[in-house]
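Here is the structure we will look at, set down as structure tokens.
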Amino acid sequence: IPLLESGTLGPKGHVQVIIPFKTESYGSQQDPQEEGEIPHCTLKMFPEETLHCVEWARDKFGKVFTQRPKSLLKLADEVDSFKPTNSQEIKALREAVILLRKRPQNFDDCIRYARTKFQKYFVNDIRQLLYTYPLDAKTKEGNPFWSLPKRPPTEIKFDPENPLHAAFITAAANLRAKIFNIPAPKDARTDKGRLALAQEATKYQVVEFIPSQEKAKQLSSEVDKEKSQQQTQQEGGEDEVNSLGDDLVKLLSEFKKLV
């Protein structure tokens, strides 16, 4: 029996046609070796190729629309018995509280959320990175910081008539609404509906960028000492739980009230 085998290799497609006695068998080929994990800084700040942009988007999608909502539901189920014992659980609790504080009340709130995310990802984060590393920045060795494979990013001005911008607003708003069981417009999946939502997004004021020296230090630390920074966070988990003290109690109390 002929076989058409298709699958995915990361963001790459794969199709193999097998015809008995005419082509090689399914087991004749070996799967390609998995490439090493892409460094965090490359994904977050210095993408070198399309794959890195895809992975960045997938990472953002997973955190915002899957991991945090799932974590919130899990904490809500365990609200009476939950006691964080490490930095990861504290982080999950903080994110759950923020998610509940900012929960949308209607679809307009979801549009505002989408517009805010567009501003953060494609304007403010870029301005912060270029504030930390200006175009004329030098490395410790005196070489230009922005030299290949690093490419200085360019911010994107929101244009409600741009189909790509409209698609981002529509997707983010609809996904946000889905998480909180808020009805979305029926025409949101049509071109006309997307452009209408993008136009609606222009009514909301976005936060103006203010350079942050603290964020600049954090970005520099990630670039210079990524590995050692991760080790420090893992080793300091129990200390963080102990040092929070009353703040942790308040955080748990607020979470119970919000739930």
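The values are calculated or read from the model by the stated rules, or taken from the named source; none is laboratory data. The structure presented is a predicted model; accordingly, all values stated were derived computationally and were not measured. As a convention, Cβ positions derive from the backbone with ideal geometry for all residues, glycine included, and neighbour counts pool all protein chains shown. Side chains are part of the model used for accessible areas, which takes the heavy atoms of the whole protein and leaves out ligands, DNA and RNA. Shrake-Rupley method; radii C 1.70, N 1.55, O 1.52, S 1.80 Å.
Data for the structure
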{"read-out": "Per-residue SASA entry for GLU48, accessible area with 1.4 Å probe, Å² rounded to 10", "value": "80"}
{"read-out": "Per-residue HN-Hα couplings for the stretch 218-223 [Karplus 6.51, -1.76, 1.60; θ = phi - 60°; Hz; x = Gly/Pro]", "value": "5, 4, 4, 5, 5, 6"}
{"read-out": "Relative packing of 139-151, 57-69, 201-213, which averages over residues the other C-beta atoms within 10 Å, highest first", "value": "57-69, 201-213, 139-151"}
{"read-out": "Coarse-grained scattering of the stretch 40-177 at q = 0.20 Å⁻¹, given as base-10 log I(q)/I(0) from a Debye sum over alpha-carbon atoms", "value": "-1.25"}
{"read-out": "Contact order normalised by residue count of the stretch 57-154, Cα under 8 Å, 6+ apart, percent", "value": "16"}
{"read-out": "Residue-wise HN-Hα coupling along the stretch 16-24, computed from phi with Karplus coefficients 6.51, -1.76, 1.60 (Hz; x: Gly, Pro)", "value": "9, 9, 10, 10, x, 6, 10, 10, 5"}
{"read-out": "Total lysine pairs under 28 Å (Cα atoms) in the stretch 142-204, excluding pairs fewer than 8 apart on one chain", "value": "9"}
{"read-out": "Members of LYS44/LYS120; LYS44/LYS91; LYS70/LYS215; LYS117/LYS138; LYS44/LYS217 lying beyond 25 Å, as alpha-carbon distances in this model show", "value": "LYS70/LYS215; LYS117/LYS138"}
